[in-house]
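The values are calculated or read from the model by the stated rules, or taken from the named source; none is laboratory data. Since this is a predicted model, take the numbers as computed values, not measurements. Here the Cβ is made from the backbone with ideal geometry for all residues, glycine too, and neighbour counts use every protein chain on show.
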Amino acid sequence: MAKAFVVDLGATFAKCAFFEKDEVQLKFEYPTSDRKNILERIVEEAFKKADENKIDIKTLDFIGIAVCGIVDNKTGTVIYSTNLGWKNYPVKAILQELFNNKNVVVLNDAKSATFGEWSRGLNKEPNSMALFTIGTGIGGGAIFDRDLVFGDNTGLPSEPGHGGGFQNEIECGCGLKGCVEPISSATGIERALREQGKVSKGELGKRYKELGDDLHIIDIADLFLGGDQEVIDIFYKALEPLAKIISVLIHFFDISIIVIGGGPSNLGEPLMELIRKQLKHYVLPDFYEKLNLVQTSLRGLVGNWGVYEYGKSAFNLK
């Protein structure tokens, strides 16, 4: 049975886990705000944890890492990661040297979350699936014919938050017009909450007066779940560009299931219902009647599970 060390590397912290026999043997988190030699320091911590818990790193079948950025999966190079400050960074080569293990797999974090949700959360049941992560930006990935989609041209698909002309209110930092990301991301939703909070006479205004620009979605989760109409209206408007791009995928590919992940997905069914309401404006009835839109089930370790399962497949391990 496969043994691996897997990292889900984000801008704030890295989720790390040792896997053996399809179970999490040990997990820990490592802060990443200091990005200098971050891979080296994570590996150093991994060796320390392994030693403390009698895990033999020399017997690992492979090393896996999910990275928040655009990844060349063939070379294991991170072409660009704004959050990590990386450009053409040879992650695979570095990890091969640090672990003295040639078996290293590098995935974009959204792709890894997609494969994790499909392989573990859904037990590989649907033949097709699309996942959208609502976070700092809008990430995503897809499964078609039971395979993770890497594309046939660049090999880089994982950026559904960009392009498309789905909104014309806020310019995206990438330079393209109409990107979904500035509006529908958690960052975009929080921006809208703060702007409304400045003028709100309701509970949102009270929260903004207390927290100012430190107001985050978690701070108003109770208002959203409690039915505060002012807050719900902000979410509903913010989710419209996301619903538009989902509708295109539904009509073009007839995808079996749409999964929503990322921090705001923890708001659960009420958030899913808002997305469904938006989709009703943009999806033909014959498609809408069979719409299957759900919240991600794995949450915390979905990226780790995705890289682990993908690594098993890539290296022909059980």
_Selection status of residue 257, surrounded by 15 or more Cβ atoms within 10 Å (Cβ to Cβ) and touching a Phe, Trp or Tyr at 6+ places or on another chain (Cβ under 7 Å)_ = no
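Residue by residue, here is whether (1) at pLDDT below 95; (2) under 21 Å from residue 118 (Cα atoms) holds:
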| site | (1), (2) |
| --- | --- |
| 225 | no, no |
| 241 | no, no |
| 246 | no, yes |
| 249 | yes, yes |
| 272 | no, yes |
| 283 | no, no |
| 289 | no, no |
| 303 | yes, yes |
| 316 | yes, yes |
*Unmet criterion (only one of (1) in contact with a helix residue (DSSP H, G or I) (Cβ under 9 Å, 6 or more places away or on another chain); (2) in contact (Cβ under 8 Å) with a residue 24 or more places away in the chain; (3) closer than 22 Å to residue 136 by Cβ; (4) loosely packed, with under 15 Cβ neighbours inside 10 Å) for residue 35*: (1)
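Take the conditions at pLDDT below 90, assigned by TED's automatic domain parsing to the domain that holds residue 39 and part of a helix (DSSP H, G or I) and apply them to residue 93. Does it pass?
no
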_Cβ-Cβ under 7 Å pairs, at least 6 apart or on other chains, segment 267-285 side over 16 Å from residue 245 (Cβ atoms) and in a loop (DSSP other than H, G, I, E, B), far side modelled with pLDDT under 95 and of a type outside the set (Phe, Trp, Tyr)_ = 268/295
*asked:* Return the pair list, or none, for Cβ contacts closer than 6 Å from residues in segment 224-239 that are assigned to a helix (DSSP H, G or I) to residues that are of a type in the set (Ser, Thr, Tyr), at least 6 apart or on different chains.
replied: 238/184
*asked:* outside any strand (DSSP E or B) and farther than 20 Å from residue 32 by Cα: which single residue out of 83, 101 fits that description?
replied: 101
